[in-house]
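What follows is calculated from the coordinates using simple rules that are stated; it is not laboratory data. Model, not experiment: these values are computed from the prediction. So basically every Cβ, Gly included, is an ideal-geometry build from the backbone, and we count neighbours across all protein chains shown.
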Amino acid sequence: MEALVGVAERDVVEPLPVETRIAIARRLLGRAGFAIRAVSPDVARDDPWAIAGRLEPG
């Protein structure tokens with residue numbers, strides 16, 4: 001299974017720093033058992049902060 005996470009901010013009043021959003025996304029994926037990996041160049045072009053995770057069967 002693969003997951004792709006974009007870290008766009010939804011709160012225009014009090015946005016979190018992008019570093020905080022990416023740390024939260026990494027932590028959520030990691031605790032769910034996903035191995036964090038880089039996104040494809042096409043995705044990175046559109047969202048440089050996006051991350052991906054892969055969950056191996058088992």
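A few comments on the model shown:
- The long axis of helix 18-31 is offset from the longest Cα principal axis of the chain by roughly 20 degrees.
- Principal axis analysis of the Cα atoms in the chain yields extents of 42, 26, 14 Å, listed in decreasing size.
- For G33, the shell of other residues with beta-carbons less than 14 Å away shows a net charge of +3, using +1 for Lys and Arg and -1 for Asp and Glu.
- Based on Cα contacts under 8 Å between residues 6+ apart, the chain shows a relative contact order of 48 percent.
- Cβ-based net charge around P15, under 11 Å, with every Lys or Arg adding one and every Asp or Glu removing one: -1
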